[in-house]
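Values in this text are rule-based calculations from the coordinates and carry no lab data. Since we're looking at a predicted model, the values are computed, not measured. Using ideal geometry, Cβ is built from the backbone for each residue, glycine included, and neighbour counts are taken over all protein chains shown.
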Amino acid sequence: NQEMSDIIGEMKLKTNEFIDFNYNFSVDNNISDLNYHKINSKIKVNNFITTFEFLEENNNLGNDSFISNETSYDFNDNNSLFFRTRKNKKTDLTEYYNLIYEYKMDCLVAGIEYKKDYYSDGDLKPEEQIFFSITIMPFGGSINSPSVK
């Protein structure tokens with residue numbers, strides 16, 4: 001017999017074509033407990049793009065908190081390099097690093113990806129993997145390579 005209502009909100013700020021900022025939040029109706037907030041930022045300068053994300057969930061919405069980064073550089077229309085990482089703020093541990101090189105040509109995308117996962121639950125150990133992928137894309141459409149946006 002408890003009544004719950006939250007105040008939710010969203011703020012978007014795009015100052016120019018280089019900087020984009022988003023903030024989402026949920027706060028209890030007593031305005032003292034922050035249940036959820038997520039901050040996204042994107043900075044784009046020429047062929048260099050970096051995004052940061054901070055997420056924190058509390059109380060009834062969960063118990064997660066992490067910060068992540070994705071940085072990419074397009075050497076030209078065909079060659080790109082990506083780097084991704086995420087850190088769990090509750091455990092103070094880095095979850096993973098991904099480094100991806102991608103080559104695009106007409107309907108073919110070839111990529112090589114280095115993945116290092118640092119921590120996981122249970123008996124699983126940290127692991128490193130290298131992937132090589134070739135993707136044939138249909139004409140007039142686009143398909144993302146596995147785990148490459």
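In whole angstrom, region 1-42 maps to an equivalent ellipsoid with semi-axes of 29, 8, 6, each derived as √(5λ) from the alpha carbon gyration tensor and ordered largest first.
When ranked by the protection proxy of mean other Cβ atoms within 10 Å per residue, highest first, what sequence do the peptides 102-113, 68-79 form?
102-113, 68-79
The Cα trace of region 40-126 gives Rg and Dmax of 16.0, 49 Å, the first to one decimal, the second as a whole number.
Relative contact order, percent, of region 1-109 when contacts are C-alpha pairs under 8 Å separated by at least 6 residues?
Relative contact order for region 1-109 comes out at 15 percent.
In order along region 25-40, the phi-based Karplus estimate (6.51 cos²θ - 1.76 cosθ + 1.60, θ = phi - 60°) of 3J(HN,Hα) comes to 8, 9, 10, 4, 5, 7, 6, 10, 10, 8, 8, 7, 8, 9, 10, 10 Hz; Gly and Pro are listed as x.
The lysines within cross-link reach of LYS42, meaning a Cα-to-Cα straight distance under 19 Å and a gap of 8 or more places when in the same chain, are LYS12, LYS14, LYS87, LYS149.
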